[in-house]
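Accompanying notes for the structure given below.
The values are calculated or read from the model by the stated rules, or taken from the named source; none is laboratory data. Small disclaimer: the values here were computed from a predicted structure and weren't measured. Because the Cβ atoms are built from the backbone with ideal geometry, glycine has one as well, and the counts that use them run over all protein chains shown. Quick note on the areas: whole protein, heavy atoms, side chains included, nothing else; ligands and nucleic acids left out. Shrake-Rupley method; radii C 1.70, N 1.55, O 1.52, S 1.80 Å.
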Amino acid sequence: MADDMNIETYLAQGGVLSNPSNVPPRYRAELMKMMATFVDSELAGAAGFADIINKGPGIKARIAAAKIVLEKSDSAEKVLRIMGDFGADTERYADHHPWTARLERDADIGQTRSKHDMRLAVFIYPLEGWADAVVMNLLMGSAVAVQLQELSHVSYQPLAEAFRAIQPIEAHHAELAAEGLMVLAETPEAGALQALADYWWPRVAASFGSGSSHKFEVLKAMGLRHTPNAELKARWENTVTAVLDKAGLKPTA
């Protein structure tokens, strides 16, 4: 960074940071919120899938589910280590909240989160059986893949590198779900799949957040965002619509 350039200008022009000591307070707050949301969502997602493993139809499906649980936990740890560089108590973090906690199936909390639980709201709803888990994993896994494409370019270099390492792993989870959906489409459970897609679609769509241009511009100036939420959501819709179509399903309007 040039000596006569302040850090805000440096970031706005595409600069990157690599050390917690160089991070301005507002930047740090937004960065920590981003990391906490990812870690909490991965831990909650892993906890939810752990309860589904033994409902898998056969050994191959159960191994795939167990691998997802392992890899989501590992991805959370990668980002949690970076939070530790900023002073987060990594020893207590993962244990401070009951990650298996879920609301009632018909609860409607929109995008609500609390400072003590930053998981995306979609992870507060319960999974009900194998087919439900497959559909949810397809829709949310595809959303995570799109979101990680964006997050892999954040201006805090260690975090960008972590997200780039995590990106193909999460993309593979969505691929496994797509394979699982095609299998289910040929079984007696096929008739229930559309209702499951209708249930999860709006809850996953909400994970892309609002279209607030002001907040986006603030984060863009910090190099923490580059693509508007509406564009990311449209990419997701195009991807999952194609997969649903192959299974004879329709996206929810």
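Summary table
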| read-out | value |
| --- | --- |
| Residue, most open to solvent (accessible area, probe 1.4 Å), within region 93-122, restricted to residues that are of a type in the set (Lys, Arg) and at pLDDT below 75 | Lys115 |
| Members of region 55-92 found to be of a type in the set (Val, Ile, Thr) and either surrounded by fewer than 16 Cβ atoms within 10 Å (Cβ to Cβ) or in contact with a strand residue (DSSP E or B) (Cβ under 7 Å, 6 or more places away or on another chain) (or both), listed by number | Ile59, Ile63, Thr90 |
| Hey, Ala143 in contact (Cβ under 8 Å) with a residue 12 or more places away in the chain and open to solvent by less than 20 Å² (accessible area, probe 1.4 Å) or not | yes |
| Filter result (touching a helix residue (DSSP H, G or I) at 6+ places or on another chain (Cβ under 9 Å) and β-branched (Val, Ile, Thr)) within region 224-241 | Thr227, Thr239, Val240 |
| Entirely in region 157-233, the helices (runs of 4 or more DSSP H) that have 2 or more residues that are small (Gly, Ala, Ser), closer than 22 Å to Pro126 by Cβ and open to solvent by less than 60 Å² (accessible area, probe 1.4 Å) | 157-184, 190-205 |
| Selection count, region 242-253, where residues are open to solvent by 50 Å² or more (accessible area, probe 1.4 Å) and either under 13 Å from Val204 (Cβ atoms) or in contact with a His (Cβ under 6 Å, 6 or more places away or on another chain) (or both) | 1 |
| Qualifying positions in region 185-204 - without any contact (Cβ under 8 Å) to a residue 60 or more places away in the chain and of a type in the set (A, V, I, L, M, F, W, C) | Ala190, Ala195 |
| Residue within region 60-73 that is modelled with pLDDT of 90 or more, over 22 Å from Glu217 (Cβ atoms), of a type in the set (D, E, K, R) and more than 19 Å from the chain's Cα centre (by Cα) present | yes |
| Residue that is nearest to Thr90 (Cα to Cα), among those in region 11-49 that are open to solvent by 50 Å² or more (accessible area, probe 1.4 Å) and in a helix (DSSP H, G or I) | Lys33 |
